[in-house]
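Only the coordinates and a few stated rules stand behind these numbers; no lab work does. Just so it is clear, the structure is predicted and the values come from calculations on it, not from any experiment. Cβ: placed from backbone, ideal geometry, glycine included. Neighbour counts: every protein chain shown.
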Amino acid sequence: MSRKHRRRIRPPVPCSLLIISHLLVLAACSGAGPSSEVDEAPDLSTGTHVVLLGTGTPNPEPAASGPATAVLVDGRAYIVDAGTGIVRRAAEAADRYGAEGLTAARLDIAFLTHLHSDHTIGLPDLIHTPWVGEREVPLKLFGPDGTAAMATHLTAAWEADLENRLSGQQPATPDGWRVEAVDIDPGVIYEDDRVRVTAFAVPHTGWPEAYGYRFDGGGRSVVISGDTAPTAAVVEMCAGCDVLVHEVYSATTFRDRPPEWQSYHAQAHTSTVELAELAVRARPGILVLHHQLGWGATPEEMVAEIRAAGYDGPLAYGRDLDVY
């Protein structure tokens, strides 16, 4: 059996309790569920789907690529963040789910939440690898102040490669290496015939600008928090959204962290207890945990922390290549 048929998702079903594969309890299910070993491969060519390309953190965890998420709307991929391994993870998802929009040549629009290295270290990959894979159009890139400068520096760093491919014998599209980068402000920052993308400011340590994003299109709404301390902006932007992808850390193991790290994480990220309170107010169709800092806590324990803090809605512990 080919790899792309090994992991599949269940079509939307009404239910009061659903346990799927490694993903934990999903109560009162509504909308698409996560990837699992069940009946049919998902059809990602229509409607709106979220594919977790990487759920990792700055820590080099073998099972989790760097943070990156794809929102597919009627087959077209909109990428949020560019962590380690992004293009190969997208290729794996394309093969596994038959998602043409995730093939390298189709990766042509992306949004950065902030400029921390774990969210941007895959940007050279996203700029250059799809060009080698015959992307014909420039990469459209949106992000906080400094995004355009970063894109300029990254194309300059590969100047010798560009010269070799453009002037040598290797066939190359003339514009696929280019980047059309925009430093954004909060508000609607992108719109086409499939989707409208709204950026909203979130607090993340000393960054003067960090953003979350809301995607509206294909009959669903998706909110991606980015890295953030607890903020009412997520509640306001979700407001019953279909999928909320939110970063999180364990409130239990946090207590064992050194004081200097406790100070940092309390200002930079959102604990399980804090996320439970936010999710109660935001009322997402499903809450997907992402960029999880467990420090030894198991997925089951982190989900239990959220449940104990009062959130009883649909919930999943996200892993690379899960689909919602």
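Taking trypsin sites (Lys or Arg not before Pro) in DSSP loop conformation with at most 11 other Cβ atoms inside 10 Å as exposed sites, the chain has its longest uninterrupted site-free stretch at 7-254. Taking Lys and Arg as +1 and Asp and Glu as -1, the other residues whose beta-carbon sits under 11 Å from that of Arg135 total -2. About its Cα centre, the dipole of the chain is roughly 720 debye, where the only charges are +1 on Lys and Arg Cβ and -1 on Asp and Glu Cβ. When the charge dipole of region 186-324 is built from unit charges on Cβ atoms (+1 for Lys and Arg, -1 for Asp and Glu) and taken about the Cα centre, the candidate among Ala304, Tyr264, Ser225 whose Cα reaches farthest toward its positive end is Ala304.
Look at the alpha carbon pairs under 8 Å that are at least 6 residues apart: their mean separation over the length of region 227-297 gives a relative contact order of 54 percent.
Hey, fewest Cβ within 10 Å first, where do Ile86, Ile184 land in order?
So the residues, fewest neighbours to most, are Ile184, Ile86.
Among residues other than Ala148 with Cβ under 15 Å from its Cβ, the summed charge is -3 (Lys and Arg +1, Asp and Glu -1). Placing +1 on each Lys and Arg Cβ and -1 on each Asp and Glu Cβ, with no other charges, gives region 277-324 a dipole about its Cα centre of roughly 200 debye. For the pair region 162-226 and region 240-298, the centres of their Cα atoms are 25 angstrom apart. Taking Lys and Arg as +1 and Asp and Glu as -1, the other residues whose beta-carbon sits under 14 Å from that of Gly187 total -4. Annotation: amide H of Glu180 within the under-5 Å range of Leu139, Lys140, Leu141, sequence separation 5 or more or interchain, hydrogens built in the peptide plane. Percent of Cα-Cα pairs more than 16 Å apart in region 48-123, please. Everything past 16 Å amounts to 41 percent.
Charges were assigned to the Cβ only: +1 to each Lys and Arg, -1 to each Asp and Glu. The resulting dipole of region 131-249 about its Cα centre is roughly 220 debye.
Annotation for region 82-154: GluC sites (Glu not before Pro) lying in DSSP loop with at most 14 further Cβ atoms inside 10 Å of their Cβ are Glu134, Glu136.
For region 12-317, the extents of the C-alpha atoms along the principal axes are 61, 48, 36 Å, listed from largest to smallest. Each residue of region 269-283 is assigned a 3J(HN,Hα), and the resulting list reads 9, 10, 7, 4, 5, 5, 5, 4, 5, 5, 5, 4, 7, 7, 6 Hz, derived from the Karplus form 6.51 cos²θ - 1.76 cosθ + 1.60 (θ = phi - 60°), x at Gly and Pro. As a length-normalised measure over Cα pairs under 8 Å and 6 or more apart, the relative contact order of the chain settles at 18 percent. Taking each DSSP H run with n ≥ 4 as -39500 (n - 2.57) and averaging over every residue of the chain yields -7500 deg cm²/dmol at 222 nm. Peptide packing: for 153-160, 120-127, the average count of neighbouring Cβ atoms within 10 Å per residue gives the ranking 120-127, 153-160, highest mean first.
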